[in-house]
Amino acid sequence: MKKIGIIGRPNVGKSTLFNRLAGQRIAIVDDMAGVTRDRIEFTAEWLGRRFRVVDTAGYDLKEEIVKKEMQRQFMYSLEEADFFILMVDGREGVHPLDEIVCGLLREGGKSFVVAVNKIDSSSAENLAYDFFSMGIDKVFPISATHGRNVDDLMDEIISRLPEDEEEESFSYDGRIKLIVTGRPNVGKSSMINRWLGEERLIVTDIPGTTRDAVDTLFEYGDEKYVLIDTAGIRKKSVMFKDRIEKYGYYRWEDALSRADIAVCLIDGAEGLNERDVKVIADAWEAGRPIILVVNKWDAVENKDQAAKEMRADIDFKLQFLSNPPVIFASAMSGKNVYKIFEAAKGLYKEYTKRVGTGEANRVLQTALDRHQPPVVKGRRLKLYFMTQVAACPPQFVIFANYPDSVHFSYQRFVINIIREFFGFEGIPIKLFLRQRGEKKEA
């Protein structure tokens, strides 16, 4: 499948156009320059042609470490894409960086069109004429925000985009979606880069480098995955003070909702802290199985003793989890990084498992035989039957005469019996109680 890269200097509207072509808000958009850092991709379609759209970091010449890493990502995108949209700002006119990017495209023999953005009306189209000075035969005055003339731009691109010899599928169907999460600077992007064997995501020692939720398709063994890199999660009170970090938090919530399994990274050198526990608890409460990855293990001394202390800490602070896989790994050296996929494959099998109603009711009867629910305010509680109403995560409904009176400790007891008979090792189980005769939701 062909790739169309959207490139240009910072804050010319690349992410706005990317979101318009994708049909949804994927990339973070803000008036602040340099918001997009990693490459973000999405499959789009125009005139019956399917292609990948790539949003890139804005080209800049500043020397800060993050800016340098962004430029490396920009140069990678120059190698990967088959066609380019060079976006410029019509209101500001020709900028030296526009000319530099145009020159890079020409030097690389790349096919491209120039989209003059922020032309919101026909009366403003004369602003686009300035860009002919860059030696361009044709420019497209557009408004990425309002969609003005975007159809003409895409018609031109499709007419010039080379045909695919064999179309590659970028479908998410049948793929296990792994969200890589944790607090800032625990090595999330480094881990994904290690899996991919390339510096796909920006990595620095500065916390908060990743802002968007970045999806990458990946295959390991006989299984296909979607790897989702996310912003490091700090306290909401801190993140919400910065509007870009706030967007990153919402992207994290959205990514969590569409993931199957959460790969939660912990800094092995620093240990399990309060922020780690909160991120892990939020992922578990969202119904996602957890793989605990103790990263940076190569930097830990006296590993045997440190591992014992880490496991004891996990058992004490993460008691709400159900026997999660714990992997001591290093994204830097590559140690044990692929064991994560073995754990994910096993968890996914349990995560998608369904239990027949007959079997579920036999287990409910076993629970009642072992321990009847207590009498509440002189009323004997009766549990009539149980059924699994959903998977991913597994959800069970019990119909009772007084569902609101069933104590959470008895619900936990029933969940433990379900685990005893059906496994669901490492999987969050949701249990709901309803009045008999009340409609159950699938």
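Being modelled with pLDDT of 90 or more, under 24 Å from ILE158 (Cβ atoms) and touching a Ser or Thr at 6+ places or on another chain (Cβ under 6 Å), is that true of even one residue in segment 87-104? The answer is no; no qualifying residue exists. Scanning segment 207-243 for residues that are surrounded by 17 or more Cβ atoms within 10 Å (Cβ to Cβ) and at pLDDT below 75 returns GLY208, THR209, THR210, ARG211, ASP212, ALA213, VAL214, ALA231, GLY232, ILE233, ARG234, MET239. Scanning segment 103-120 for residues that are over 13 Å from LEU86 (Cα atoms) and without any contact (Cβ under 8 Å) to a residue 12 or more places away in the chain turns up GLU107, GLY109.
The values are calculated or read from the model by the stated rules, or taken from the named source; none is laboratory data. Since the structure is predicted, the reported quantities are computational estimates derived from the model, not experimental observations. Because the Cβ atoms are built from the backbone with ideal geometry, glycine has one as well, and the counts that use them run over all protein chains shown.
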